[in-house]
Structures are given as structure tokens and as C-alpha cells.
1. Report the antiparallel proportion of the DSSP beta bridges in the chain as a percent, rounded to a multiple of 5.
2. Compute the length gained on full extension between ARG60 and GLU341: take 0.36 nm times their separation in residues and subtract their Cα-Cα distance, giving the result in nm to one decimal.
3. Do you know the relative contact order of the range 157-265, to the nearest whole percent, from alpha carbon pairs under 8 angstrom that are 6+ apart?
4. Per residue Cα convex hull volume for the range 147-227, in cubic angstrom?
5. Residue by residue through the range 100-111, what is 3J(HN,Hα) from phi via Karplus (6.51 cos²θ - 1.76 cosθ + 1.60, θ = phi - 60°)? Round to whole Hz and write x for glycine and proline.
6. Quick one: which of 310-316, 115-121 comes out on top by average Cβ neighbours within 10 Å, and what's the full order, highest first?
7. To the nearest 10 square angstrom, how much accessible area does LYS317 have with a 1.4 angstrom probe?
8. How would the range 1-103 be classified by its alpha-carbon gyration tensor: rounded, prolate or oblate, with rounded meaning a/c under 1.5 and the a/b versus b/c comparison settling the rest?
Amino acid sequence: MKIASLQPSVSIILDRLGCAESLVACTRWCVAAVPELCERGIAVVRDSWSATAEELLAVRPDVVIASVPYRKESLEAILKAGCPVLALAPHSLAGIEQDIRLMAALVGAAARGEALIAEMRAGIEEVRALTAGAAHRPLVYCEEWGKPLIHSQLWVKELVEAAGGEFLGEAGAVTTAEAVAAADPEVVVAAWCGAGDRVPLRKLAARPGWEQTRAVRAGRVFCIADELLNTPAPTLVLGLRALASALHPHIFGPGKEIRRLEETLDGHGTSKLTRNMEDTGQNGQPKPLRYVAAGLILRGDEVLICQRKAGSALALKWEFPGGKIEAGESAEQALRRELDEELGISAEVGRRVAHIRHNYRNGGAVDLQFFAVHRFEGELMNRVFEDMRWSPLKDLPGYDFLPADRDLVRDLAAGKLL
């Protein structure tokens, strides 16, 4: 079987099936995706959008395999020249599995095809299992193209869900910058077709109204190389892990396959360098990002809130009790220590409710983890605060909370997290 591949996904799948030797022609994008093909000296042709019958007839393939995106006129010309064409157009992960199965049957590797599908599923389920217990599933806007704005396709939506997020909008649909801003995503992921990892993130963040979105304010605007999300092949598992790192870095760590916005916009639309999520002191030297654990101490439908001392930083702002995570401590250990020091209680720390990373306008960044506390021993004592009180969850927006807590306060009042 002699095959001409017009898309990287086709070449990747054949390579993973152990059948790359069946290729007699491929595109330069295929060679980039499977570098070993360069050593084979096979013909390099144009892709599904622009390939011609003449260049394909020269290599005499038994079949030409194309995949989305392709131009109908190009495929029609190839068919008229007498070349059999297999045109693939998957929309979902299930559709990609069917394409793997079809190609495996074509090259006589059905068993290996099923093994490859099982391997791909296992990679996806491994990530899904790790995010299943995540306290919060962030709202994620994924963009496949920027002019016009187009939501990423269905299989990306499925990957976002497996990565522990909620996909914003209709997969594959055209949208507007205004609609995205109104939806207020917590994370923005750009993977433009053909752009690699070169999407201009600063321009994205500067779109009208986007400076007020949770994603831009927190610097959670990412570029993932389009070949990891837009190529319907087993390499999507790498794209899934990149997504998971963007959505839940506390579980997966910083992603090697992602690029993060280096500049965010403050509330006045002014560009401000964030130095990879570090804050900067008055002498211009970067200081480490502060990691903090806080407790949502609950009593029925009420939560304990505390007011900062007059004369302290952010004086008289309201917050939830807790404090800095010291070296060698887990977030839960730090919270138990802080609640003992601040309130004199021995707390039973429950599930993580939210994880927020916040940049302050005047410089400085904080990584906050919030945990539910339903039970504690001891009598509450105010050791460090101006005031503390029990507040019904629905009344929380009436208090002047720290800027880093305000999104959480809104969600708690709306009944979204507990």
C-alpha cells in the first residue's frame, strides 16, 4: 500500500501504527510532525488545501489521504486524475478514533489500531481522573482563529472538560470579542490554525472589554501550539496535558508546552509586566510569588469573615482567615497552623473549594487556595483582626473584601461553590 499524506494527522497516525514506510509522499508539515520522514527521502507535496493532481501522480500512490481542513476543488481535481482519495473529517474524539480504526484497517494493522485507540483513551482518562476531584472547574474560552473569532472545535471542548474546565460557547462557532468579554472567562487559551505557538497574546488581552475579564486580570491567557490541539491524532494527549497545566497548575505543575501572557492589563487598560507571576518591589527586583491558604469556616449558611487591622496593609478590608504557606508545608498544614495562631482553634480542614491567582495593580501577586472548614475544636478568639463576624453567604458582596477575594465572594453568594 503506497499512501500520499496531505495532513500531519495522517502521517502521525501511520507512524504510531508502525506503518510510516507506506508513505510515498507527505507535506512539509508532516515532516515537522514526524521528523523521521525527512530521512526517508520521500516526496514532499502540498497539503489538502492546495495539492495538485500532477505532483501526486508523479509518485503513483495507491491512495491519497486528506483530512480537515481541505479544499473541495483540490480533491476533485485529484479524483478526476484517477487517484483514489480518502477524505477524513472528524469532529469529536470518537470521530478521531474511527479514523485511526479506518487507517489501521487500510494498512492491515487493525490490532495495532485498537491498541493505539486504547493508549489514547488511557492518556485522556488519566488526566480526567486527576481533575475529577478539583474543587473548581474554571470557565475556559478556547480560540481557534482570531479574524473572525472562532471557538475551538468539539474535540477541544471534550479535552477542556477532561482537563477539569468548562468550555465557553459553542464549539466551532464564530463569536465576537464583546461576547467573550461579557461571558467573563477565567482562562483564555489561543491555538490558531497554522500559527504554531506564535499567537500575539498581548493583542488578545487588549481587545475591547477583555482587560476586565477574570482571565486577563489574573494573567491566565495562554497559547498552546496549534498542532497539539488542532491536529486530530494521538498527539492530542499532549495538548490535553498542556490544557490541564493551564487550568490546574497545582495538580499538573507548569506546562512545558504552553506560553503564558507576559503582560496583563490593570483596571485602567495600562500594560504591566508580571515577570512570570512574580511581583516587583520598589527597587525593581523581583520577589517570589506569595502562596497563601485560607479557610471558609462554615456554620450552616454562614461563613466567618475577618477584618484587617487599621494601619495594616489594605487596612479594614474583609478577608477569610488564613495566611502564608511556609517552606515545607502543605496548604492544609499551613491553614491549620494559621487558624490556631489567628483564632485559637484546631480545625479539621476539608476539601479545596477554590484556587485563585491574583495580580495587584500596584505590583505583587498572590496564589490563594481556599478550603472548607466544617468542624473545629476550641473557642474562637480574635487574636489579630480588627473585627470578625459570621455572615450569611448571600450577604458577602455587601462587605469590602480584598481584591483577590472578590471573585470567590461573588461565587459563594451565588451558591456556586458550596
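1. 55
2. Working: separation 281, 0.36 × 281 = 101.16 nm, distance 7.78 nm.
Stretched out fully, the ARG60 to GLU341 stretch lengthens by 93.4 nm.
3. Details: 173 pairs, mean separation 33.1, N = 109.
For the range 157-265, the relative contact order is 30 percent.
4. Numbers: hull volume 7.2 nm³, N = 81.
Cα convex hull per residue, to the nearest whole number: 89 Å³.
5. So the Karplus estimates, Gly and Pro as x, are 4, 4, 5, 5, 4, 5, 5, 9, x, 10, 4, 5 Hz.
6. Working: 310-316: 10.7, 115-121: 15.9.
Sorting 310-316, 115-121 by mean packing, highest first, produces 115-121, 310-316.
7. About 40 Å², rounded to the nearest 10.
8. Here the range 1-103 falls in the oblate category.
The values are calculated or read from the model by the stated rules, or taken from the named source; none is laboratory data. For clarity, every value in this text was computed on a predicted model and none was experimentally measured. Note that we place each Cβ from the backbone using ideal geometry, even for glycine, and neighbour counts take in every protein chain shown. These area figures cover heavy atoms from the full protein model, side chains too; ligands, DNA and RNA do not enter into them. Shrake-Rupley method; radii C 1.70, N 1.55, O 1.52, S 1.80 Å.
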